[in-house]
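> For reference, the structure I am asking about is given below.
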Amino acid sequence: MFNINFKDRRAIYEQIKDNIKELIISGVFADGDKLPSVRELSCSLAVNPNTVQRAYRELEAEEYIYTVAGKGVFASSVSDAGGKKTAELFEAVEKAVTELCYLKEPKEELIDLINRIYKGE
């Protein structure tokens, strides 16, 4: 379910965070589904519980998950997390496109890139 690559340049908590985001966005974890506890996940991945806790803390700040005291950690609906995140991503895309324009990159290359991404290539 979770893929941790110890040779990856990204920190382990970022890999955990990205894996959980992907599972929520793809619908594997639906709104209200209980996620593994920090202890369960840290044991199954053989990582420090603080690493998992950091990933969960950041996911909660981004509104992908929420915690219920005494009950556990649960997935939020994609639409709850999506609005704020969508705005941030569009801002990042706008900055990247602006920078590409300054570098005189052809608009067609960007359009081709977007089309390839949407086609799943």
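> Based on Cβ point charges of +1 for Lys and Arg and -1 for Asp and Glu, what charge dipole magnitude is obtained for the range 24-90 about its Cα centre, in debye rounded to the nearest 20?
Using only the charged Cβ atoms, the result is roughly 220 debye.
> Here's something else I'd like to know. Helix 49-61: angle to the longest alpha-carbon principal axis of the chain, degrees 0 to 90, nearest 10?
60 degrees
> Report the Cα centroid-to-centroid distance between the range 1-45 and the range 49-68 in angstrom, as an integer.
Here the two parts' Cα centres lie 10 Å apart.
> Something else now. In nm, give the distance between the simple-model label positions of Y66 and N19, each being 7 Å from the Cα along the Cα-to-Cβ direction.
So the label points at Y66 and N19 sit 2.6 nm apart.
> For the Cα atoms of the chain, what angle does the longest principal axis make with the long axis of helix 107-119, in degrees from 0 to 90, nearest 10?
40 degrees
> To continue, here is another question. Only four residue types carry charge here, +1 at the Cβ of Lys and Arg and -1 at the Cβ of Asp and Glu. Report the dipole size of the range 1-120 about the Cα centre in Debye, rounded to the nearest 20.
Charge dipole of the range 1-120: 400 debye, to the nearest 20.
> Compare the Cα positions of T51, I16, V97 along the charge dipole of the chain (+1 at Cβ of Lys, Arg; -1 at Cβ of Asp, Glu; about the Cα centre) and return the one farthest towards the positive end.
Projecting each Cα onto the dipole axis, the largest value belongs to T51.
> If you don't mind, there's one more thing I want to ask. Let me know the charge dipole size of the range 79-119 about its Cα centre in debye, to the nearest 20, where only the beta-carbon of Lys, Arg (+1) and Asp, Glu (-1) is charged.
100 debye
> By how many degrees, 0 to 90 and rounded to 10, does the Cα axis of helix 78-102 deviate from the longest principal axis of the chain?
30 degrees
> What 222 nm value per residue comes from the helices of the chain, counting each DSSP H run with n ≥ 4 as -39,500 (n - 2.57) and dividing by all residues, nearest 500 deg cm²/dmol?
-19500 deg cm²/dmol
FYI, it's all coordinate maths here, none of it is from the lab. What you are looking at is a predicted structure, and each value in this text was computed from that prediction instead of being measured. Here the Cβ is made from the backbone with ideal geometry for all residues, glycine too, and neighbour counts use every protein chain on show.
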